[in-house]
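Input: a single structure, listed below in structure tokens.
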Amino acid sequence: MQIQVIDKSNYLKGLLITARKDKKLADSEKKIIKGISEKLGFASDFYEEVVHGLLANKYIDEEPIKFSNVKIAESFLIDGLRLAYSDNPVVSGEIDWLRKTAIKNGLSEKWFEEKLQTLKTNAGNSLITDFALLSII
């Protein structure tokens with residue numbers, strides 16, 4: 001699937017928003033964001049600059065993101081949940097923001113809860129490079 005530039009930007013932005021909800025940026029989160037950033041075609045120096053200023057940047061709009069395609073939204077939400085569970089503890093703000101993003105993209109609460117439960121069950125079993133994004137690009 002060809003992903004539009006705006007969706008690529010929103011995918012990365014959404015991961016960054018999720019990662020900063022707990023006001024810290026764990027190494028596991030950095031690895032996930034870097035890996036997805038590379039898969040989306042962003043330059044590594046861009047990634048480094050964004051991550052460096054992420055926690056201090058008060059200008060990032062944290063409204064839930066609307067994607068142009070439901071498959072992209074589903075992929076993003078799965079990757080976002082993996083990101084949220086990559087460090088402990090999981091902050092309710094991370095999950096709440098992802099839930100609002102699911103709703104904004106027309107996904108049901110049931111769909112979101114099923115993905116959340118699956119991830120909770122398998123939290124330690126997936127590799128940091130097992131990105132849902134790879135299933136759509």
Of (1) modelled with pLDDT under 90; (2) under 14 Å from the mean Cα position of the chain (by Cα); (3) part of a helix (DSSP H, G or I), D87 satisfies every one except (3)
Counted residues in the stretch 28-56 being free of Cβ contacts under 8 Å to residues at least 12 places away in the same chain and over 20 Å from L77 (Cα atoms) come to 9
Here the residues within the stretch 65-77 that are part of a helix (DSSP H, G or I) and buried (at least 21 other Cβ atoms within 10 Å of the Cβ) are I72, A73, S75, F76, L77
Selection from the stretch 85-119 of residues surrounded by fewer than 19 Cβ atoms within 10 Å (Cβ to Cβ), β-branched (V, I, T) and farther than 13 Å from D22 by Cα yields I103, T118
Check the stretch 41-52 and report whether any residue there is at negative phi and assigned to a loop (DSSP other than H, G, I, E, B). yes
Every listed condition ((1) surrounded by fewer than 16 Cβ atoms within 10 Å (Cβ to Cβ); (2) within 12 Å of the chain's Cα centre (by Cα)) holds for I60 save (2)
Worksheet entry | Residue within the stretch 26-34 that is of a type in the set (V, I, T), surrounded by fewer than 17 Cβ atoms within 10 Å (Cβ to Cβ), at pLDDT 90 or above and closer than 19 Å to I137 by Cα present | no
Checked the stretch 1-12 for anything of a type outside the set (D, E), in contact (Cβ under 8 Å) with a residue 40 or more places away in the chain and buried (at least 16 other Cβ atoms within 10 Å of the Cβ); matches are I3, N10, Y11
For the stretch 71-90, pairs from a residue that is farther than 15 Å from E113 by Cβ to a residue that is among the polar types (S, T, N, Q) and assigned to a loop (DSSP other than H, G, I, E, B), with Cβ under 9 Å and 6 or more apart or across chains, are I72/Q4; I72/N105; A73/N105; F76/N105; R82/S126
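The values are calculated or read from the model by the stated rules, or taken from the named source; none is laboratory data. Just so we're clear, the structure is a prediction, and the values are computed from it rather than from any experiment. Virtual Cβ from ideal backbone geometry, glycine too; neighbours counted across all protein chains shown.
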